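Below you'll find the structure, written out as structure tokens, and then a few comments.
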Ligand code: HEM
């Protein structure tokens, strides 16, 4: 313990000296320079101005979504196999090839809607974003804890987020605004049935699943492509909270999940997740009653088994929240050789959005920050300068050449690993159209029927609590949707709101939706 009585400048004090960022020693950190002890203050006081103006800039814009989060580090260990098949049949991505191969990674868990200091016990999807630092460069797998999403086209993302975020006038999160939007968005029913069940409030970050949600592609060394969905399964098990559990937790602590993760890693109780994938041939699959590129759908596991490809272990905490958690930047466009995009209409929009927001939120040189650097690969670009340039990333032999092509010592293009085209041929006319197989209710109903009784009771209670704060036409439309999802759900939520099936029988389907024969059958039973 330092003896405070002996503190202060003096011959016996060995502690390092405080400086400003120019390296000048700070002789007095308690008093500004003033004309006489009572002022006025002088403006040439570099030390004070540097300190206060740096403080004025301590915050960067918080993420527009997923503002609150926690980051940790660890590694991924591959199995080398997909079930009993060598994984190379499906992907040539190096990190998956050999059994036991380890790749460094960082992960950021998050909530979505609340601000940077908001409650971690909110009913909200949880972000599950993993950055693999592979030798071929970084791969980001930016997922959520729920397997599906509210919408299937990126053009609707600002709307769904505006509806879920606080009211622009009152700055309160308003159920009426949320369900106004959802009642006009039938594809959201599957997500809502998940989000308002106990799964909508994970107990903490360690006891939750993760899902890539969007459909990606794998490419093998013959250029053959498969559609892929990713799933993370926690070895710690899955635990959730009811609304009452969550209220009790957040009464004491808004950051319980960050603390739980940090504490577990500090005591050596390293959390682990298995990574499993589902695979489909790269085609439209007309035999399915959903589109494999639709992120409001899951792929039935009996037809497309989820098979393990590796395990993630988290074994290190961040040393500084701002540098490593606030500034870490993930994106769906960050893929390595052997992994690719699909034509999922959400994924393409996401892929633009992430690096666009990061150039604004963190700055144009965000990829030079240590947490974002492709630290296990060689980064050599002709990109130069811009705010906060930290170094020249890997010039060629001749530092004068920051362009390509050049015969005077610049960088050259890489050679394609094995091919330069891949995947099926696609033709079509430019258009704006819904995908053909929307089938908005069936999987939501299946999910409801899989729930245990207490989960159904919790789901109904949560819907009734929220919808009782909404206007009647919104309540009616939601009951109408729920009756199409599953009789029990529609009847019970309706009962809680005083709305019988015959009260909603007059409602016409929305112009923005297509009904299946089964949906029409259900509708005909309403009135
Ligand atoms: C964060 C856009 C859908 C998962 C973000 C951010 C943006 C964004 C702008 C903030 C990034 C930053 O500031 O660094 C979008 C758009 C979407 C979409 C435009 C739809 C078109 C999704 C979906 C998922 C998801 C479907 C889940 C699969 C995440 C996660 C983060 C995030 C986990 C936080 C990453 C972190 O921890 O830094 N998204 N998003 N997003 N998004 Fe999305």
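Overview of results
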| quantity | calculated |
| --- | --- |
| The chain: angle of helix 453-467 to the longest principal axis, Cα-based, in degrees nearest 10 | 80 |
| Mean separation of Cα contacts under 8 Å (6+ apart) over length of the stretch 297-399, as relative contact order % | 20 |
| Cα-only radius of gyration and Dmax that characterise the stretch 259-300, units Å | 18.3, 51 |
| Relative contact order for the stretch 426-510, counting Cα pairs under 8 Å that sit 6 or more residues apart, in percent | 26 |
| Percentage relative contact order, the chain, counting C-alpha pairs under 8 Å, at least six apart | 16 |
| Stokes-Einstein D (µm²/s) once Rh is taken as the Kirkwood radius of the stretch 106-227 over alpha-carbon pairs, at 20 °C in 1.002 mPa s | 132 |
| Ordering of 420-428, 180-188, 48-56, 374-382 by packing [mean C-beta count within 10 Å, highest first] | 180-188, 374-382, 48-56, 420-428 |
| Rg/Rh (Cα only; Kirkwood hydrodynamic radius) as it applies to the stretch 133-179 | 1.19 |
| Descending semi-axes in whole angstrom, ellipsoid equivalent of the stretch 14-86, from the Cα gyration tensor | 51, 18, 9 |
| Sorted peptide list for 474-485, 343-354, 144-155, 448-459, criterion being average Cβ within 10 angstrom, highest first | 474-485, 144-155, 343-354, 448-459 |
| Relative counts (whole %) of C-alpha pair distances in the chain, using bins that are 20 Å wide | 19, 48, 26, 7, 0 |
| With 5 Å bins from 0: P(r) over the stretch 364-484, alpha-carbon pairs, percent | 2, 7, 9, 9, 9, 6, 5, 7, 10, 10, 10, 8, 5, 3, 0 |
| Highest to lowest packing among 220-228, 240-248, 35-43, scored as the average C-beta count within 10 Å | 220-228, 240-248, 35-43 |
| Expected 222 nm ellipticity per residue - DSSP helices of 4 or more, -39500 (n - 2.57), all of the chain, to 500 | -7500 deg cm²/dmol |
| 0 to 90° range, to nearest 10: angle between helix 472-485 axis and the chain longest Cα axis | 70 |
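Every read-out reported here was derived from the displayed coordinates using simple, explicitly stated rules and does not represent laboratory data. For clarity, every value in this text was computed on a predicted model and none was experimentally measured. Don't worry about glycine lacking a Cβ; one is built from the backbone with ideal geometry, like all the others, and counts go over all protein chains shown.
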